[in-house]
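See structure below.
The values are calculated or read from the model by the stated rules, or taken from the named source; none is laboratory data. Please read these numbers as outputs of a predicted model, since none were measured by experiment. So basically every Cβ, Gly included, is an ideal-geometry build from the backbone, and we count neighbours across all protein chains shown.
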Amino acid sequence: MKKTKEIKAIELKMKVQDKLIEESYLKRDEVIKSRDQVQKDQLLEYFGEVLTESGDEIYVSRDRVEFRRIDPTSTSKWKKEILTLYFKSKDWRSSEINQIDTSFYSTSDNSLFELQRMLLIGKVGEILIDHSDDIIAGHNKITSDYAGTLRKAEMAVQELELVLRAFGKEIEDIENKVIQDKIDTGCVEFKMRDDNPRTLPNLDIRWDWDLNNIQKIEILSKTASGLSANIKVKRCFKQYDYDNEDEGVTKLIYQEDTFDKVRMSKINHMISWNKEIIV
């Protein structure tokens, strides 16, 4: 279906809106990045002393902190996650945490890397025994400090996305009106893709009867209720051209048939579903 000038104008507005949304997401991500960095700085005050090997680091996100270390026995370029702390809240609605859970893998490997990992896990355990309440309180304060700014940033994204969805609804309404106007004229034609009749629409005539390769549909008349219609359908097929001397050459053939009392809901659905190829 050819785009109207009105649709093209709305699509230009949507491009501008997409850019605004992208910028808004970046601003929101900066708030999250800043919050996580402050959380990381606080955690390093407690756990910095356990990062004894070159390349040791902690990765901090909203609900966890991962301890990572280079494994000299591994061929992977990635640092290995050797211990994870999970921040747990009272319930899914709460942003405040009240518990820290540990997670680490077990192994029977007695390599230097694994023995040193055991030392790190033990030291982290000692720190949690002595300071878990302070860590939880600090985490909750930072989360609270950033909550207002983050909420504003997320609301800004949502408001921009609402405008974008409204533009999309405008286009949908315009397209539906164009389609309805075509239906009201009583004749709708479709364009096949790649000269292939199989790309043309199908229509569910009856519960057990499906017509394919529909190139054109005409509404001859409707029932008094308007719920059903008598239609004429032009279908397109490809078959071998036996009159052509070249082997394997095909040609398009057309077949017209009429059908009584086809549900308008099925006709409307078929036309709407294939609006992109309406001539």
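Of note:
- All positions within segment 2-28 that are of a type in the set (Lys, Arg) and part of a loop (DSSP other than H, G, I, E, B): Lys2, Lys3
- Filtering segment 185-195 to residues that are exposed (fewer than 13 other Cβ atoms within 10 Å of the Cβ) and in contact (Cβ under 8 Å) with a residue 60 or more places away in the chain leaves only Arg193.
- Some residue of segment 26-45 being buried (at least 17 other Cβ atoms within 10 Å of the Cβ), hydrophobic (A, V, I, L, M, F, W, C), over 26 Å from Thr149 (Cα atoms) and out of contact with any Cys (no Cβ under 9 Å at 6 or more places or on another chain): no
- Scan segment 128-159 for residues that are among the small types (Gly, Ala, Ser) and free of Cβ contacts under 8 Å to residues at least 60 places away in the same chain and the total you get is 5.
- The set of residues from segment 53-84 being free of Cβ contacts under 8 Å to residues at least 40 places away in the same chain, among the aliphatic types (A, V, I, L, M) and closer than 16 Å to Ile121 by Cα comprises Ile58, Val65, Ile70, Ile82.
- Output for segment 236-275, where each listed residue is small (Gly, Ala, Ser) and in a loop (DSSP other than H, G, I, E, B): Gly248
- Residues of segment 112-141 that are within 16 Å of Ser95 (Cα to Cα) and crowded, with 17+ Cβ neighbours inside 10 Å: Ile135, Ile136, Gly138, His139, Asn140.
- A search for C-beta distances below 7 Å between a residue of segment 109-121 that is β-branched (Val, Ile, Thr) and any residue that is assigned to a loop (DSSP other than H, G, I, E, B) and surrounded by 14 or more Cβ atoms within 10 Å (Cβ to Cβ), counting only pairs 6+ apart in sequence or on different chains, returns Ile121/Phe104.
- Segment 235-262 - residue that is surrounded by 15 or more Cβ atoms within 10 Å (Cβ to Cβ) and at pLDDT 90 or above and, of those, farthest from Thr185 (Cα to Cα): Phe237
- Test: residue in segment 169-184 that is touching a strand residue (DSSP E or B) at 6+ places or on another chain (Cβ under 8 Å), of a type in the set (D, E, K, R), surrounded by 12 or more Cβ atoms within 10 Å (Cβ to Cβ) and modelled with pLDDT of 90 or more: no
- For Ile214, the conditions (1) in contact (Cβ under 8 Å) with a residue 24 or more places away in the chain; (2) surrounded by fewer than 17 Cβ atoms within 10 Å (Cβ to Cβ) all hold with the exception of (2).
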